[in-house]
1. Leaving ligands, DNA and RNA out of it, report the carbon-plus-sulfur percent of the accessible area of the chain at a 1.4 Å probe.
2. In nm², what is the average projected area of the convex hull enclosing the Cα atoms of the stretch 48-118?
3. Which aspartates and glutamates, on any chain, are close to Lys240 with Cα under 17 Å apart, when same-chain ones fewer than 8 places away are left out?
4. Counting Lys and Arg as +1 and Asp and Glu as -1, each charge on the Cβ, what is the dipole of the stretch 155-295 about the Cα centre in debye, to the nearest 20?
5. When you count, for each residue, the other Cβ atoms within 10 Å and take the mean per peptide, how do 279-291, 3-15 rank with the highest first?
6. The stretch 102-138 to the stretch 259-316: how many Å between their Cα centroids?
7. From Cα pairs below 8 angstrom and at least 6 apart in sequence, can you work out the relative contact order of the chain, rounded to a whole percent?
8. What number comes out for accessible area per residue over the chain if the probe is 1.4 Å? Units Å², please.
Amino acid sequence: MNIIYMGTPEFAVKPLQAIVDAGHKVLACFTQPDKPKGRGKTLQPTPVKEKALSLDIPVYQPVKLREEENVQIIRDYQPDAIVVAAYGQILPESILNIPQYGCINIHASLLPKYRGAAPIEWTIINGETESGVTTMYMAKGLDTGDMIEKTVVPIADTDTGVTLHDKLADAGAELILSTLSKLENHTAIRTPQDDSLSCYASMLKKEMGELDFTKDAASLERLIRGLQPWPVAYTKMNQKTVRIYEASVCEQPEEALEDGTQIVPGMIVRVTKKNFTVACGNGALMIRKLQPEGKKPMDCAAFLAGNKLKTGQMIYE
């Protein structure tokens, strides 16, 4: 099959490689423009651009895909299908109508639930036990097109946004090959989405990472896992930002410390050589891995070796 591929982040790399390895001809790749990164603001190519160039696939990086000159480029290629994976731009109707087999999206959730920009992270934050990948025909709405196939991926209690991302990228690479085969064989079945079952996985924001210890420990632990690799959960210690990468939920039944100090959310209630525990609105969080401001992530034991903490201390002082 002759395919135009549209994708930008790391999630879209493995499906591209799988499509090429399966013998399909990728005519061109469309990806977002390079962005400046680092202190030197050097332009950084997208992961899909790097992969496409390594495969000798022509790359296009339009600022606005819907402009007629870009639409015409796609028309001239005469693709059988357009495959899209986290591209980052909405495809106009003028493009949706070009390929005979349609524009097929690889979406990192079990649609119709978790439409939108950050389905991977929100499934963890909301405490879902499974996620997955859906292939779908693209339509004018946001992730509203008819579904073709799904594959389920269980979410482990230890999964972070990073580990679940990698599992779903692998699953997406397998699923798109199955979907393309069904399209070629005319056996693909269209299943309309039930809009009443959908929820919106909104884009992540940096301020979402601030830990509110008045909330229950279980929800904070999920937030810590879900907000990786960005924006990462954080709190304040000695007026400096500390990112939290790993924590576990534990019970905090006592109402006061041994000296009679009343326990309140945000108070350090236990300190060992390996970790420290913070009281929450319900339960407590044992902090296992963190990143002090200006330093690299470290195990809590390394942090405690150079920082004196004591019970009764408020974590955000």
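1. With neighbouring chains kept in place, the figure for the chain is 49 percent.
2. The orientation-averaged projected area of the Cα hull of the stretch 48-118 comes to 5.7 nm².
3. The qualifying aspartates and glutamates are Glu207, Glu210, Asp212, Glu293, Glu317.
4. On the way: 17 positive and 20 negative charges, 120 e Å.
Computed about the Cα centre, the dipole is about 580 debye.
5. Most protected by this proxy first, the peptides run 3-15, 279-291.
6. If you average the Cα positions of each part, the centres end up 35 Å apart.
7. Details: 687 pairs, mean separation 41.5, N = 317.
Once divided by the residue count of the chain, the mean separation gives 13 percent.
8. On the way: 15970 Å² over 317 residues.
For the chain, the per-residue accessible area is 50 Å².
The values are calculated or read from the model by the stated rules, or taken from the named source; none is laboratory data. What you see is a predicted model, and the numbers here were worked out from it, not measured in a lab. With ideal geometry, Cβ positions are generated from the backbone for all residues, glycine too; neighbour counts draw on all protein chains shown. The protein model used for the area step is the full one, side chains on, heavy atoms only, and it has no ligands, DNA or RNA in it. Shrake-Rupley method; radii C 1.70, N 1.55, O 1.52, S 1.80 Å.
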